[in-house]
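A quick write-up on the structure given underneath.
Every number in this text was worked out from the coordinates using simple rules, so none of it is lab data. Note that the structure is predicted; figures quoted are calculated from it, not measured. With ideal geometry, Cβ positions are generated from the backbone for all residues, glycine too; neighbour counts draw on all protein chains shown.
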Amino acid sequence: MEDELTALSERDRAFYAWQLDVPGFGEEGQRRLRGTTAMVSRIGGLGGPMAFALAAAGIGRLILVHGGDLEPSDLNRQILMRHEDLGTSRVASAAATLRAFNPHIEVETVPSHVTPENVDQLVQRADIVFDAAPRFGERFAMNAACVRHNKPMIDAAMYDLEGQVVVIVPGRTPCLACLYPEEPVHWKRRFPVIGAVSAMLGNMAVLEGIKWITGMGEVNLNTMLHLDARSMRLRKISLNKRLDCEICGAFRESSCGG
Ligand SMILES: [Zn+2]
């Protein structure tokens, strides 16, 4: 993290005045956010609201990771993209919206999905990873890289009107492979989704991340936050580490770069 100790400018105080009043956040929280690089993958119904909320809060740098162009079927939930962007790069549209919205943050775009080849160099450059990928292969790759490089990851996923958020801190919590040792058999790439539900889950994930970065409030560790939006019930489900987990079972904090 950089610039953590530099005092806020008058411009910062003007922009972030209302959140500086939040108990436990304050100027120190704002400086910590400014000193943080957050990676978000992908930039869809979950990742778009994540990137938007992080930009609004004044995160220092965003790395947006997403391949492909905007299609008509994306627009029921893509809050960073516009009708006129159809057929153009999703990640470029998202970055343009975010830069116009908050020109005081840095936004980097990576126009490809996470792969086993690129995941290590992406995760190493981030202080925290927000995982909004729909495919288990990408989620597993980010999870393993976060454990390798000792980075916290907030994983969000949804189906229909239900969704979940899990905070993964290597060495302190179960990892994604503890929850899913193998990819679920019946997982479908295309799933039913209403934008308001994915936005709720994306914002829940960002709040957990902001709490982790700033020290405000209580981060839900060793817990799955499960939202059933059909009844609007939020459950907290306890999670346990698998001692024989192939990814985090042998984790040693001292052997990893921080
Ligand atoms: Zn594990």
Summed side-chain charge close to residue 44 - residues other than residue 44 whose Cβ falls under 9 Å, Lys, Arg +1, Asp, Glu -1: +2
Neighbourhood charge, 11 Å Cβ-Cβ cut-off, centred on residue 219 and excluding it, Lys, Arg +1 and Asp, Glu -1: 0
CD proxy at 222 nm, helix term only [per DSSP H run n ≥ 4: -39500 (n - 2.57); per residue of the chain; nearest 500]: -9500 deg cm²/dmol
Per-peptide average of other Cβ atoms within 10 Å, ordering 200-212, 14-26 highest first: 200-212, 14-26
Loop-located GluC sites (Glu not before Pro) in the range 44-129, at most 10 other Cβ atoms within 10 Å (DSSP): 117
Value in Å of the Kirkwood radius, where the chain supplies the Cα pairs that are averaged: 18.5 Å
Surface/4 estimate of mean projected area, convex hull on alpha-carbon atoms of the range 91-134, nm²: 3.7 nm²
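For the range 152-258, just run the numbers: alpha carbon Rg, then divide by 2.2 N^0.38 Å, N being how many residues it has. It would help to have the intermediate numbers written out before the result.
Details: Rg = 14.8 Å, N = 107, 2.2 N^0.38 = 13.0 Å.
Scaled against compact globular proteins, the figure is 1.14.
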